[in-house]
Amino acid sequence: MSLPRPRFHLAPAQNWMNDPNGLVFADDRWHAFFQFNPEGNDWGNMSWGHASSPDLLHWDEHPVALRHRPGEQIFSGSIVSGDDGTLTAFYTSAYDRGIQAQSRATSVDGGFTWTMDAANPVLDRTSSDFRDPKVVRVPGGGWLMLAVEAVERRVVFYASDDLTAWRETGSFGPLGPEGVVWECPDLVRLPVEGTTERAWVLLLSTNPVGDDADPEGSAMHYVVGDLDDGVFRSPAVDLRPLDHGRDCYAGVTFDSAPGGAAVMLAWMGNWRYAHVVPTSPWRGAMSLPRTLGLRRIDGVLHLVQHPVLPPPGAVETGAVVIEPHAVLDVRWDPGATGTVRLRLEGEADAAVDVVHDPVARTLSVSRSGRAADVLHPDFAGIRSAPLVGPTSGAVTLVLDGPLLEVFSDDGATVLSHLVTLGAGPVTIAASAETDVVPSVRVGAVRVGATGDPAQEGPAAPAAA
Ligand code: FRU
């Protein structure tokens, strides 16, 4: 079985892709760089691929931006845009001799060509697990670089006034589960809905390691806290899941997004089985871009995610048959319907069930069937997320070939999964505990080939 290509998510035309890198809004375009193998569709020869988009839904792929060299792979990192338009990239040089250190490159043509710094690596702790630099502008001036000491489960912080000289300011961690490495940190200052408040949030990805590694695999988390003397601090004693699905990893935000919005892209993959996902000649895709914010619910700040969506379509009720590229807006009367179940079945022998249970207060997504079983022994199964806040009676499902993202509670509960429904039409059956059938509004997505001017435009991401 080969899974179909997504149409409105970023995926390379060919070869392997993992983490988003160097996300930056420059010259009126959204630039996404990404971990890329220029020579095949397995992980290796890591380099930075490059794509750009006018609207975050139509992507044009460009030539490889930063290419691996003998003895050195180019691992994850970030880009910041300077006041004069110069783009500065920070990335991890992963040397064959076992050292990971941070290097720098600059571009004066909007990200298309790059000059690596002769002084590279510019930050070296002679560590074998020091990676994923994310540079952010700090209020009041200057820059902060976050990177991980992955095995120690620590985020290390460096401050700079000129993007050249870096001074270590401290570290955050460890906390949360052991037996994982920490990867791809980001630090965002998010608005609290309905207030003029803002709070700092650390984004973090964790990947289980070792012989008895957790079969659930890799996942993204967040921590709410404060920025104090160049270091993130938080009274939190645990990491909170950012996305309750199996396939959301390494998410980071765009530098210089209009209005200061925190727009995140994540890799829709899981290191547990990413290498066997049956797609060709490409492998790997990004999530929909999501604008991040905070909502105070029962006195606690929760991360909320609002996807950038293609425009909606017609309203239907009950069972519908759709092309596997659609936005489904499912609504019901929370007082009358009880548990709501949506079953997705495609031409492959596989099913996906999305179940909203107002009594258990859970939203779950399960993958089942032979096509799911054969992909990997740990692929099939169920994931349940706690519902937060009052029951809204609305869930948005975004299906784009093998990618399914489920948003509920107005962005407070999110589950992202790869699915194996196949390339043909998908049947959606909505049912409820009572005979009040939920309404399903299907937005058949018309976003097609990248760069096609005839396609409908999406809504712009909400400014923070
Ligand atoms: C996360 C990660 C990063 C690393 C990159 C290598 O998925 O392991 O820590 O920089 O992928 O491709």
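Of the numbered criteria (1) surrounded by 22 or more Cβ atoms within 10 Å (Cβ to Cβ); (2) at pLDDT 95 or above, the one residue 310 fails is (2). The number of residues in the range 211-238 being more than 16 Å from the ligand (Cβ to nearest atom) and either within 18 Å of residue 304 (Cβ to Cβ) or not charged (D, E, K, R) (or both) comes to 13. Residue count for the range 62-83 satisfying the condition of being closer than 22 Å to residue 275 by Cβ and assigned to a strand (DSSP E or B): 5. On the basis of being aliphatic (A, V, I, L, M), at pLDDT below 95 and part of a loop (DSSP other than H, G, I, E, B), does residue 57 make the cut? Here the answer is yes, as residue 57 does meet what is asked. Being more than 13 Å from the ligand (Cβ to nearest atom), small (Gly, Ala, Ser) and under 18 Å from residue 24 (Cα atoms) holds for only one residue in 118, 105, and it is 105. If only residues of the range 192-210 that are within 19 Å of residue 225 (Cα to Cα) and buried (at least 20 other Cβ atoms within 10 Å of the Cβ) are counted, the one that is nearest to the ligand (Cβ to nearest atom) is 205. Residues of the range 266-281 that are of a type outside the set (S, T, N, Q) and either within 16 Å of the ligand (Cβ to nearest atom) or at positive phi (or both): 266, 267, 268, 269, 271, 272, 273, 274, 275, 277. The residues of the range 147-185 that are within 16 Å of the ligand (Cβ to nearest atom) and hydrophobic (A, V, I, L, M, F, W, C), listed by number, are 147, 148, 150, 151, 155, 156, 180, 181, 182, 184. Collect the residues in the range 88-103 that are without any contact (Cβ under 8 Å) to a residue 60 or more places away in the chain and more than 14 Å from residue 73 (Cβ to Cβ), keeping them in residue-number order. Hit for the range 88-103 is 90, nothing else.
Identification of strands (runs of 3 or more DSSP E) wholly contained in the range 229-297 with 1 or more residues that are out of contact with any strand residue (DSSP E or B) (no Cβ under 9 Å at 6 or more places or on another chain) and surrounded by fewer than 18 Cβ atoms within 10 Å (Cβ to Cβ) yields 290-297. Against the test of being of a type in the set (Lys, Arg) and more than 16 Å from the ligand (Cβ to nearest atom), the options 137, 125 yield a single qualifying residue, 137. Within the range 21-28, identify whether any single residue is on the phi < 0 side of the Ramachandran plot, within 11 Å of the ligand (Cβ to nearest atom) and hydrophobic (A, V, I, L, M, F, W, C), and answer yes or no. No: zero hits.
Starting from the range 195-214, take each residue that is of a type in the set (D, E, K, R) and list its partners that are within 13 Å of the ligand (Cβ to nearest atom), counting only C-beta distances under 7 angstrom and pairs at least six apart or across chains. Here the result reads 214/208, each pair linking the range 195-214 to a residue that is within 13 Å of the ligand (Cβ to nearest atom). Figure legend. Inter-residue proximity from the range 124-144: first residues part of a loop (DSSP other than H, G, I, E, B), second residues modelled with pLDDT of 95 or more and of a type in the set (Asp, Glu), beta-carbon distance below 8 Å, spacing 6+ or different chains. Indicated pairs: 129/149; 129/152; 141/161; 142/161.
A single entry from 147, 159 fulfils the requirement of being surrounded by 18 or more Cβ atoms within 10 Å (Cβ to Cβ), assigned to a strand (DSSP E or B) and over 22 Å from the mean Cα position of the chain (by Cα): 159. Report yes if residue 188 is closer than 26 Å to residue 87 by Cα, part of a strand (DSSP E or B) and away from the ligand (no atom under 16 Å from the Cβ), otherwise no. Yes; evaluated as a whole, the condition is true for this residue.
The values are calculated or read from the model by the stated rules, or taken from the named source; none is laboratory data. Worth saying up front: this structure is predicted, and the values here are computed from it rather than measured. Ideal geometry is used to build each Cβ from the backbone, glycine not excepted, and the neighbour counts take in all protein chains shown.
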